[in-house]
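A short write-up of the structure that comes next.
The values are calculated or read from the model by the stated rules, or taken from the named source; none is laboratory data. Treat the numbers as computed from the prediction; the structure is a model and nothing was measured. Accessible surface areas use protein heavy atoms only, side chains included; no ligands, DNA or RNA. Shrake-Rupley method; radii C 1.70, N 1.55, O 1.52, S 1.80 Å.
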Amino acid sequence: MGKITAPVSIPKTISLDNEAAVPELGGVAGGVPGGVPGGQLGGSLGGVIGGTGTSVPVPPPQQPAAKRIVRVGSNLKAPRQTYSVQPEYPVLARETHISGIVVVNAVIDEHGNVVQARVLSGHPLLIPAALKAVAQWKYEPTLLNGMPVAVEMEVTVHFNLGR
């Protein structure tokens, strides 16, 4: 007894005496089946010591409403630009006589700063300079019902070799 050995043969019958197979773990009368010996009466399986005692999780705190970005269109005028930086003409584009327009989709926050810029079209050699310039532009805050709002609009950056 107390020594584990491998079986020599497969038994023909198996005893189904469940009471002999399940050891007494010293649970609490009225406790949770499979609970911890000495656990709390009426506790929950997998519960947390010092928890609230409820099985319903506490909802996460409410997030503040996401700031809405309004698209400039027929009901909302485009904000007035207050500060502009001319793009640096890329050397390779100048040497290869590439000129043109880069169209950028810009998001302007409620303070008038460009916070996001994404290219919609334009020559690949001109795009980095256009994005760098647009990121520095400033606008008057856009008001909607008297409150400043973030807006999304298309801006164009012109690259001309004649200047």
Check: How much accessible surface does residue 10 have with a 1.4 Å probe, in Å² rounded to 10?
Finding: 150 Å²
Checklist line | Per-residue HN-Hα couplings for the stretch 135-141 [Karplus 6.51, -1.76, 1.60; θ = phi - 60°; Hz; x = Gly/Pro] | finding: 4, 9, 5, 10, 9, 5, x
Check: Among 3, 138, 12, what's the order by accessible area (1.4 angstrom probe), most exposed first?
Finding: 12, 3, 138
Checklist line | Accessible-area ranking of 76, 125, largest first, probe 1.4 Å | finding: 125, 76
Note to self: Could you put 156, 5 in order of accessible surface area, largest first, with the 1.4 Å probe and the full protein assembly present?
What the structure shows: 5, 156
Check: Can you tell me the Rg and the Dmax, both Å, for the Cα atoms in the stretch 77-163?
Finding: 14.1, 49
Note to self: At 1.4 Å probe size, what's the solvent-accessible area of residue 83? Round to the nearest 10 Å².
What the structure shows: 120 Å²
